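Since the structure comes first, as structure tokens, the remarks are kept for the end.
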């Protein structure tokens, strides 16, 4: 078998060994052509126009493997391995100056093989070719990337003032102000170190331009295709991938940051108010994979008097179809139809002997239950319900398709080769969620952790709503969260979904967390930035795995600083990664952190934080409601309130939590004092109740303190919370 795919696996940041790089060359640019050969061959050549070019054995570039892996941990090897391939051959072509046809020939002891013909047309940037709509008075220097086939991209610029700041582009981990940085907007699962790599699960082609006058403006590239951004001392340059119609549609919004955000959310949708319980502490561990373990963790919360409001159960299912509790007995529905609760029998000695009784008991304790999901259907099983469901997905037209009409199989490293339900249309959303309906209606589950959603790779994938992959892939996580929100609504429950990936439109669909991160101070800082940038784009309900979820258990200082900061974020939750049940355990429960670190301060301080969080629930609930009606973010960067104050940009990790509180998390180890910048106004230190003048103020920060200051006008209504 001789394989060449001009676009390869379409990983957005790495090349696979069977592709053309670049897939679309500029006129006069050479390309690297790659093929993968199975079986022994002596010679591989490329027929390139009238030339015959010899190819050489090769392997995936180290840089590409690193780009795919994207982090340390038990999953990175799988990621890197999925990029490489035995039997890879490559060559570099002469410069491409006109359309060229090419094909490959392999010769060996077993005979010879020749591929089909491929064609590549070079492209050039020219001044005509399409239309920009909506950018009058702002757009400059418009160019179009044109080949003999079509117009592929637009490129244009916005003028920037010397003091302008760029904030937005979805959830970003590396910097609040993106001025001077290069980035793109494509949904991608960056497994850890997002702040280092500049990639994100939740991009948006939207940003604020905050100028020194306090008015500013913003823009939205109205597309779900990939976009790119770079800026310098005077210009923001934007590139936009195009479809069949060479048109760029821009929204330009003038005014304050709140006015800009309001206009944007008027177009794309905004959050709906969720119940107060979402603001209580959430608890989770990937290895809590039995009813006994879940109840033991919740018993420990009770016995240690650490209040908890929700438990996220990740490892509940058979890990095949993610619809049935592991060890349940049932009859397979051969046609792939949904089960009802009465179809299952639970073994007394099984992992989950009585899920309904467990959920009822948790509810009696005031604890809500969230179950994990993934929008993929495994295909490595020949029998059983998962095989029947996979067959039904393809047979009945519920799968995302390749360009040739066959079912798409996940090209990524997580759940490889799995099918992906086409959630772009209602019929498949209904089919997919009907299998999970008994969980909500009969077992009384309260929400779903809608994990993943970044699995669609391929510009020519086919969706049932008529979109191809270049336009539909970024929208997939929006459909995904909507699908489970609608399931919950249909059962009379609040649409509590807990997602990490998204795009424009995700604002209207549930809760988000910052994704996979290590337990490091660097990850702590980048997660705060992620929360602020997401909020700047209209994400209201947001949190992170406090102190990180991956790697060794964090030391007591990092854990407690992160927990203290999380008290003053929209969502407070801890979580730990799957560690193959190896010892030592990596649970992020406060008692396990205390045992692992030997620090007897952990449990009493965490209890103090959790108690304070309970007292803050009414404030957070009322402020979230206010955010939804005013579009002033709940976790709010300082520029929303003080855009004309240049000093705020020197303190990018400070933020307002609602209208009353200014928060400045301690983000460095070993700190005994911490300096906060207080803008103009009257302030009170919440821990002392004493007034503090505006300007730079330094206070002592023992582990029980995260610097938080209250506007004096709001102090009477919330002073009792901190008494």
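Among 608-615, 242-249, how do they line up from the highest to the lowest mean number of other beta-carbon atoms within 10 Å? Provide the component values of the computation, followed by the final result.
Working: 608-615: 18.1, 242-249: 15.9.
Ranking, from highest mean packing down: 608-615, 242-249.
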- Cβ crowding within 10 Å averaged over residues, with 680-690, 652-662 ranked highest first: 652-662, 680-690
- Task: Take the Cβ-Cβ distance between residue 713 and residue 295 as r, set R0 to 45 Å, and report the resulting FRET efficiency rounded to the nearest 0.05.
- Result: 0.45
- Message: If I fit a long axis through the Cα atoms of helix 476-490 and take the longest principal axis of the Cα atoms of the chain, what angle between them do I get, 0 to 90°, rounded to 10?
- Response: 50
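Run the numbers for residue 155 and residue 327: contour at 0.36 nm per residue of separation, minus the present Cα-Cα distance, in nm.
Numbers: separation 172, 0.36 × 172 = 61.92 nm, distance 5.53 nm.
Roughly 56.4 nm would be gained on extension.
Tell me, in nm to one decimal, what length is gained between residue 109 and residue 668 on full extension, where the rule is 0.36 nm per residue of separation less the Cα-Cα distance? Write down the numbers at each step before the final one.
On the way: separation 559, 0.36 × 559 = 201.24 nm, distance 6.27 nm.
Extra length available between residue 109 and residue 668 comes to 195.0 nm.
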- Message: Could you list 20, 699 so that the one with the fewest beta carbons within 10 Å of its beta carbon is first and the one with the most is last?
- Response: 699, 20
- Calculate, in nm to one decimal, what residue 442 and residue 720 gain on full extension: separation in residues at 0.36 nm each, minus their alpha carbon distance. 96.0 nm
- Query: Between residue 595 and residue 101, what is the label-to-label distance in nm when each label sits 7 Å out along the Cα-to-Cβ direction?
  - Reply: 7.0
- Message: Report for the chain the percent antiparallel among DSSP-assigned beta bridges with both residues inside it, nearest 5.
- Response: 80
- Message: Only counting other Cβ atoms within 10 Å, I'd like 117, 352, 649, 282 sorted with the fewest neighbours first.
- Response: 117, 649, 352, 282
- Query: Using the count of nearby Cβ atoms within 10 Å as a rough guide to exposure, how do 526, 30 rank from fewest to most?
  - Reply: 30, 526
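Give the relative contact order (percent, whole number) for the chain; include only Cα pairs under 8 Å separated by 6+ residues.
Values: 1675 pairs, mean separation 77.9, N = 723.
Once divided by the residue count of the chain, the mean separation gives 11 percent.
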- Task: With r as the distance between the Cβ atoms of residue 522 and residue 29 and R0 = 41 Å, compute the FRET efficiency 1/(1 + (r/R0)^6) and round to 0.05.
- Result: 0.65
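With r as the distance between the Cβ atoms of residue 338 and residue 273 and R0 = 25 Å, compute the FRET efficiency 1/(1 + (r/R0)^6) and round to 0.05.
On the way: r = 30 Å, r/R0 = 1.22.
Using R0 = 25 Å, I get an efficiency of 0.25.
Every number here is computed from the coordinates shown, using simple stated rules; none is lab data. Treat the numbers as computed from the prediction; the structure is a model and nothing was measured. Cβ: placed from backbone, ideal geometry, glycine included. Neighbour counts: every protein chain shown.
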